[in-house]
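Structure first, commentary second.
The values are calculated or read from the model by the stated rules, or taken from the named source; none is laboratory data. Worth saying up front: this structure is predicted, and the values here are computed from it rather than measured. Every residue, glycine among them, receives a Cβ derived from its backbone with ideal geometry; neighbour counts consider all protein chains shown. Quick note on the areas: whole protein, heavy atoms, side chains included, nothing else; ligands and nucleic acids left out. Shrake-Rupley method; radii C 1.70, N 1.55, O 1.52, S 1.80 Å.
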Amino acid sequence: MKLRLLIGTLMLSAITANAQVATFNENFNNFTSGNATFPQSNWSSLLPTATGNPGPMMIVFDDTVTTGNKYIQSYSGANMNTPQYLISPQIVAPTGNKSVSFKARRNAASAPVTIQVGLASSPTDMTTFVGLGIATMLTSDTFQTITVSIPSSSSSYIVFKTVNAVPAPHTAVDIDDVRYDVTANLAVTDASKSKEEVKFAVNSENTTLQFVAKKDPKNIEIYSAGAQKVAAGKLSGRSFDISALQTGVYYIIVETAEGSVVKSKFIKK
């Protein structure tokens, strides 16, 4: 009887350790600091084979400015231009109603670096990585907030891919405050990203997007749920033609008149 109970306890522990999560809100403050602490708290990393000394690292840093604050740094070491991957805990297969937001910056001593959010079906095989939208170029050592809509998918890992924007060693990206949760106000601008409000809606015929803004956006790009660009251009009389698009969920990137970037999504029926 005791043996059966013990086996049952071990099985329960295994199930709990591998449980998928529906949402998460991670500030990394409870992580163990260091450059060899992954995997921990169901987060992991995949780094290229070392090509020099030191090799690539995924580091948990203690903030020297704010006591108690920690963040993740993806550091290339002597590696020149091979991607590095920070991998989230396993999530419930996304259904298209959530987004991931996080803060990122180029470390002060680093050359420019790009970061791209994507999905992968395996935390150990990045040939399964599918990028979402376009990569963000990090040129400032001030944290900026990035928000990406997560489409419906059978993949169950959110991945942060970093790579040198130029072939230079010793580049570093700092990542903090990663939140994956239900998307709010999908068709309305995030006020923190733009002083200029931009709203849009699909017309009743499902042929155009109708925009409301003080000034026409500079540019519009539309991506499929599989992160393929399917349309791009400018408004025509406050409208954007989507008549050629198939039925489905789409992601839109709007560059406003003031130069801000607004990301959202819509459904064409």
message: I'd like the FRET efficiency for residue 49 and residue 239, computed as 1/(1 + (r/R0)^6) with the beta carbon distance as r and R0 of 51 Å, rounded to 0.05.
response: 0.50
task: Among 127, 79, 113, flag the residue with its Cα farthest along the positive direction of the charge dipole of the chain, charges on Cβ as +1 for Lys/Arg and -1 for Asp/Glu.
output: 127
- request: Quote the relative contact order of the stretch 67-181 in percent (integer), defining contacts as alpha-carbon pairs under 8 Å separated by 6+ residues.
  value: 48 percent
statement: One point scatterer per Cα, no solvent, Debye formula: log10 I(q)/I(0) for the stretch 113-177 at q = 0.19, 0.20 Å⁻¹ comes out as -0.80, -0.87
- request: Diagonalise the Cα gyration tensor of the stretch 43-180 and give the resulting equivalent ellipsoid semi-axes, square root of 5 times each eigenvalue, largest first, whole Å.
  value: 23, 18, 14
Of all accessible heavy-atom area on the chain, the percent that carbon and sulfur account for (1.4 Å): 54 percent
- line: Residue separation between residue 109 and residue 82 times 0.36 nm, minus their alpha-carbon distance, gives in nm 7.8 nm
field: Cβ crowding within 10 Å averaged over residues, with 213-224, 160-171 ranked highest first
entry: 160-171, 213-224
- prompt: Between residue 126 and residue 204, what FRET efficiency comes out of the Förster formula 1/(1 + (r/R0)^6) with R0 = 35 Å and r the beta carbon distance, rounded to 0.05?
  reply: 0.25
Stretchable slack from residue 182 to residue 25, in nm (0.36 nm times residue separation minus alpha-carbon distance): 55.4 nm
message: In Å², and per residue, what accessible area does the stretch 20-85 have when probed at 1.4 Å with the other protein chains present?
response: 51 Å²
- prompt: Cα extents of the stretch 80-157 along the three principal axes, largest first, in whole Å?
  reply: 38, 26, 20
- prompt: Assigning unit charges at the beta carbon (Lys, Arg +1; Asp, Glu -1) and nothing else, what dipole magnitude in debye, to the nearest 20, does the chain show about its Cα centre?
  reply: 480 debye
field: Range of Cα positions in the chain per principal axis (Å), largest first
entry: 69, 54, 35
- prompt: Considering only Cα-Cα distances, which of the following residue pairs are longer than 25 Å: 98/269; 214/265; 161/234; 103/214?
  reply: 161/234; 103/214
- prompt: Taking amide hydrogens as modeled 1.01 Å from N in the peptide plane, which residues meet the under 5 Å criterion relative to residue 198, leaving out close sequence neighbours?
  reply: 189
statement: With 0.36 nm assigned to each residue of separation and the Cα-Cα distance removed, residue 154 to residue 229 gains 25.0 nm
- request: Could you tell me how many degrees, from 0 to 90 and to the nearest 10, lie between the Cα long axis of helix 2-17 and the main elongation axis, the longest principal axis, of the Cα atoms of the chain?
  value: 40 degrees
task: Read phi for every residue in the stretch 235-242 and hand back ³J(HN,Hα) as whole Hz from Karplus 6.51 cos²θ - 1.76 cosθ + 1.60, θ = phi - 60°, with x for Gly and Pro.
output: 6, 10, x, 6, 10, 10, 6, 10
